[in-house]
Structures are given as C-alpha cells and as structure tokens.
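Everything below concerns the one structure shown next.
Each reported figure results from applying straightforward, stated rules to the coordinates on display, with no laboratory input. Computed from a predicted structure; not experimentally measured. Glycine also receives a Cβ, built like all others from the backbone with ideal geometry; neighbour counts cover every protein chain displayed.
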Amino acid sequence: MAGLPKRFDRFLKDYPEIATSYENMGDAIHRLGPLNDKERALVKIALAIGLNMEGAVHAQVRKGIKAGLSKKEIRHIVLLAIPTIGFPPAMAAMSWVDDILDKKKGK
C-alpha cells in the first residue's frame, strides 16, 4: 500500500499545527454524528466519486477497506453513481477504485 501523497506529507511537515487541527476537526465530526465507521466510509467514497477526485477516491477506498467495506460494496457505490454523474465519470471512478481493489487479494 502506498504511503501518503508527497504533497500531503510535505504539508504535514511544513504546517504541523494546521495538520493537527484539521485532523482533530475530522475526528470531532466523526464522533458527533450517528453514522458508524462503515457508513461514514460509504459516504466519503461517494463524495470523492461525485467530486471526480482521483486521489480522494484512492484514499477513501483504502479507508473504507479498513472500516470493513467489501470490494462488492465499494464497487456498488460506483454503480450507484452512474445515473447521477453519468457513465463516463463513473467508469473513471471505477478505474480509480480498481487501482486500489485490484492490489488486494481475492478480486
């Protein structure tokens, strides 16, 4: 599994106080709501897909796997996006999802 993107790693080193505050805000938001880890992972993957953000899709898929999402569940998120964002952007998202999932055993 790849480490942090170089740009983000540099940001952490250059601005540790901001990075810590950002992480703390995310943690607080997670604790605030009623969604569990798996539900939050589903939402975050869908948001990354909808925003057409390849790096975010990669990151959220990795986090989704850690939260217990199956490959089938993750790919279903992309399929659900087809009628909303269109077939071509959904297929781009599927390729980003597969970048991560195909590295895992048991496709």
Among L35, L69, L12: highest mean-square fluctuation, GNM of the chain, C-alpha pairs under 10 Å: L12
What do you get for the angle between helix 16-32 and the principal long axis of the chain? Use alpha-carbon atoms, 0 to 90 degrees, nearest ten. 60 degrees
Using a simple charge model, +1 on the beta-carbon of Lys and Arg, -1 on the beta-carbon of Asp and Glu, nothing else, what dipole does the chain show about its Cα centre, in debye to the nearest 20? 420 debye
Compare A28, A48, A59 in a GNM of the chain, Cα atoms joined below 10 Å, and give the one with the largest fluctuation. A28
Report the residue, chosen from I85, I18, I49, that carries the largest GNM mean-square fluctuation when the chain is represented by alpha-carbon nodes joined by springs under 10 Å. I18
Measure out, as a whole number of angstrom, how far apart the alpha-carbon centroids of segment 3-44 and segment 50-107 sit. 19 Å
Nearest 0.05, what FRET efficiency do H30 and S70 give at R0 = 25 Å with Cβ-Cβ as r? 0.75
When all alpha-carbon pairs of the chain are counted, what percent fall beyond 23 Å? 33 percent
What do you get for the angle between helix 37-50 and the principal long axis of the chain? Use alpha-carbon atoms, 0 to 90 degrees, nearest ten. 70 degrees
Return the subset of K6/K66; K13/K44; K38/K71 for which the Cα-Cα distance in this structure is over 19 Å, preserving the input order. K6/K66; K13/K44
